[in-house]
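The values are calculated or read from the model by the stated rules, or taken from the named source; none is laboratory data. Just so it is clear, the structure is predicted and the values come from calculations on it, not from any experiment. Keep in mind that these areas ignore ligands, DNA and RNA; they rest on the heavy atoms of the full protein, side chains included. Shrake-Rupley method; radii C 1.70, N 1.55, O 1.52, S 1.80 Å.
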Amino acid sequence: MVGTAVGLATIAAVTVALLPFRPRLSRAVPALVLVIPVVVAAVVGRRTPALITALVGAAVFSFSFVPPYDRVSIASAEDWVALGVFLFVAVVLGTLVAREAERSDAAEERAEEIRRLYDRNEQLTLERGRLLEEANRVALMERLDEQRSALLRSVSHDLRTPLATIRTVASDLREGTAYSAETRDQLLDLVGDEAERLNRIVENLLSMSRIETGALQPDRQAVALDEMVDDRVRKLERLLRHVRVEIDLPPSLPLVDADYVQLDQVISNLLENAARHAPEGSTVRIAARGVGGEMVEVSVADEGNGVPPAEGDVIFEPFRRSQGSSSSGVGLAICKAVIEAHGGHVGVTDAEGGGARFWFTVPAEGAHG
C-alpha cells in the first residue's frame, strides 16, 4: 500500500540521518523522531499503514538505537520501558492522526456530495424554470387562442345584427319599396342608429387592441362631467328611447382630470350596457359625487336583473359575459382599462331599486397638483 511504503521509506530516511549521531543521542531523540514516519503513514494511508509503520519503527528503534546496536535486543527494564513508550505513543498518535484524516476525508466527501447536490439542485431549478416558462408560454398561447376565438364570436355576434338591419333597409329602399315619408325617415334613422352602433363596436375593438399592446395612454385635460353626460345622453337618445334617463350631477361637482375621448367611451359603454339590460319603461340613473376631495365617482344604474355576486370581478375581463348577456364582453373590459390608466377604480354593486349599479372613479382636476 502507498501509505505503508511511504512510512517505511520515511523510517529509512530518518534512520540514515540519525545514525551518524547515534553515539551522542539519548534514546528519547530517535524515539521521538521515529514517530514522524508513523504520522506520515497515517496521513497518507490511514490506520493500517500507521500501525505497520509503528511496529517497524519499534523494531528499527530497538535494532539501531538501543545498545547493543545492530540487533534486536532488550537488555534492561529501561529498554523495555523505552520501547513500550515508543510503541504506545506511535500507535496512539498514528491512530489519532489516521482518525482525523478519515474524518477529514469524510468531511470532504460530504462537502463534495453537498456540492453535487447543490449543482443538481441548480440544474433542477433551471429545468423547473424552463418548464415553468414553457408552461406559461403554452398557457399564454391557449389564452390567446381563446381570446381570438372569443373575438371572432364577438365580431360575428355583434356585427351580424346591425349589418343585417342596414342591408335589409338599403335593399328595400334600392328596390323602390313604397314607404310613407314618415316610415322612410324612421328607416333612415334606424340605419343611422345601426351605423353608430357599428362605429362603437369598432372603437371598442380598436381600444382593446391598444390596451393589449400597452398603447393606451390618457391625454389628460379638464373635463366637465355634466356637459359630457348631457352630450352622451343626447347622442344615444334612440338607444335609450325605451327607458327614462335620470341625471343627478350636483352643480358643485368639480372638473375631472381625464382624457375626454376615453372617458366619453367609458360613459357610452356603461349607458349602452344599461340600455341593453333595462326593462321597457324602467329608469336608468346617472349620478356623480366627490369622494375625499381628490376623486369623483360616477355611476350608471339600471333596473334590470343585476349581476350575480360571483361575476362581480370576472365581468370586467375581456370577452367575459354575464349570465343572460348578449354582448361581446369587450365594453366593460375597456372601461376597466381606461379607468385604471387614469388611476381610478371600477366596480359593480346592486342598485337600490334592483338591477346593477356600475361605478368608477377618476381624479378631480387639481387634486394632485
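Computed values, structure above
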read-out	value
Protein-only accessible surface order, largest first, of 113, 100 at 1.4 Å	100, 113
J(HN,Hα) series, the range 42-47, from Karplus relation 6.51 cos²θ - 1.76 cosθ + 1.60, nearest Hz, glycine and proline x	5, 5, 7, x, 6, 5
Apportionment of accessible area to carbon and sulfur, the range 250-315, percent (1.4 Å)	54
Accessible surface, per residue, of the range 218-284 when the full set of protein chains is kept, probe 1.4 Å, Å²	49
With all protein chains modelled, accessible area of residue 239 [1.4 Å, Å²]	50
